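Asker: Mind having a look at this structure? Questions to follow.
Coordinate-derived values only; no laboratory data. These numbers come from a predicted model, not from an experiment. Note that we place each Cβ from the backbone using ideal geometry, even for glycine, and neighbour counts take in every protein chain shown.
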Amino acid sequence: MAEPRRVALVTGGARGIGQGIARRLTADGWHVVTADKAAAGDPADAMRHVRTDISDEAAVRALVNGIRKEEGRLDGLVCNAGIMVRKPLRQLELADWSRVIATNLTSTYLLVRAAEDLLRAAKGAVVTMASTRARQSEPDTESYAASKGGLVALTHALAISLGPDVRVNVVSPGWINVEDSEPSARDHAQHPAGRVGRPEDIAALTAWLLGPESGFVTGAEFVSDGGMTRKMIYEE
């Protein structure tokens, strides 16, 4: 009897890193459900797409219940959705702060809580998407940095609470080019790896973390930034 097809939910899956992850998992044989406030980036992608706001508790409950009804299982959850509001601190309204925290951080708590029974039943895995900005910052990014730092901490807390049934790890990307334009030669050269990152880089790491070969890995952070956070930079 054939093994049932593994099911993954990827939030923020309409474009960028999330779309790259969804495509990689589909190519690896997963049945993928993507969730995003936007329409699917490519209707040709062979996956089910749900338009929803994952910062809303009722919407998250409906999303997970839909998977429970339609797919009947959930083996992998990728909490990738995220937004940034870049404003000077004096102009950063509480509503701006709350929207970023709700989308980038609270949504992971809502999703894992709603899907806990499905993930435990499948002995599944969760991957959250933080950022190197959890460790270093540019000006005017307080809400984003706080949300990503919170994800790093939430990840290891979830790993302890849900283990051994469910593994939970976090990926912290650096500069990943999700635009149509190509970065400059200088942009590439500043990275110790020799280039700016691509969605496929994060997708490959995420696929490994969801799969059986990473079965002894949980509660860990994986930085994928081409070496930039290890590079000492002095202004000339």
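Asker: Among the residues that make up the range 135-157, is at least one of them aliphatic (A, V, I, L, M), over 24 Å from Leu105 (Cβ atoms) and in contact (Cβ under 8 Å) with a residue 12 or more places away in the chain?
Answerer: no
Asker: Could you identify the single residue in Arg133, Arg113 that is part of a helix (DSSP H, G or I), among the basic types (Lys, Arg) and either in contact with a Ser or Thr (Cβ under 7 Å, 6 or more places away or on another chain) or farther than 22 Å from Arg61 by Cβ (or both)?
Answerer: Every option except Arg133 fails the conditions.
Asker: Could you tell me whether Gly174 is buried (at least 17 other Cβ atoms within 10 Å of the Cβ) and either charged (D, E, K, R) or over 21 Å from Ile67 (Cα atoms) (or both)?
Answerer: When the stated conditions are applied, Gly174 passes them.
Asker: Just name the residue that is surrounded by the fewest Cβ atoms within 10 Å (Cβ to Cβ) out of those in the range 186-197 that are in contact (Cβ under 8 Å) with a residue 24 or more places away in the chain and not basic (Lys, Arg).
Answerer: If we take residues in the range 186-197 being in contact (Cβ under 8 Å) with a residue 24 or more places away in the chain and not basic (Lys, Arg), then Gly194 is surrounded by the fewest Cβ atoms within 10 Å (Cβ to Cβ).
Asker: Further question: Condition first: in contact (Cβ under 8 Å) with a residue 12 or more places away in the chain, closer than 21 Å to Thr26 by Cβ and part of a helix (DSSP H, G or I). Now tell me which residues in the range 198-232 satisfy that.
Answerer: Within the range 198-232, Pro199, Glu200, Asp201, Ile202, Ala203, Ala204, Leu205, Thr206, Ala207, Leu209, Leu210, Ser214 meet the criteria.
Residue-wise test of (1) crowded, with 17+ Cβ neighbours inside 10 Å; (2) in contact with a helix residue (DSSP H, G or I) (Cβ under 7 Å, 6 or more places away or on another chain); (3) under 13 Å from Leu9 (Cβ atoms); (4) not basic (Lys, Arg).
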residue	(1), (2), (3), (4)
Asn65	no, no, yes, yes
Leu89	no, yes, no, yes
Glu93	no, no, no, yes
Thr103	yes, no, no, yes
Ala121	no, no, no, yes
Lys148	yes, yes, no, no
Leu154	yes, yes, no, yes
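Asker: Another question about this same structure. Determine the pairs where a residue that is aromatic (Phe, Trp, Tyr), located within the range 86-113, has a partner that is crowded, with 17+ Cβ neighbours inside 10 Å with Cβ atoms under 7 Å apart, the partner being 6 or more residues away or on another chain.
Answerer: Pairs that qualify, where the first residue is aromatic (Phe, Trp, Tyr) and the partner is crowded, with 17+ Cβ neighbours inside 10 Å, are Trp97/Ser143; Tyr109/Leu154.
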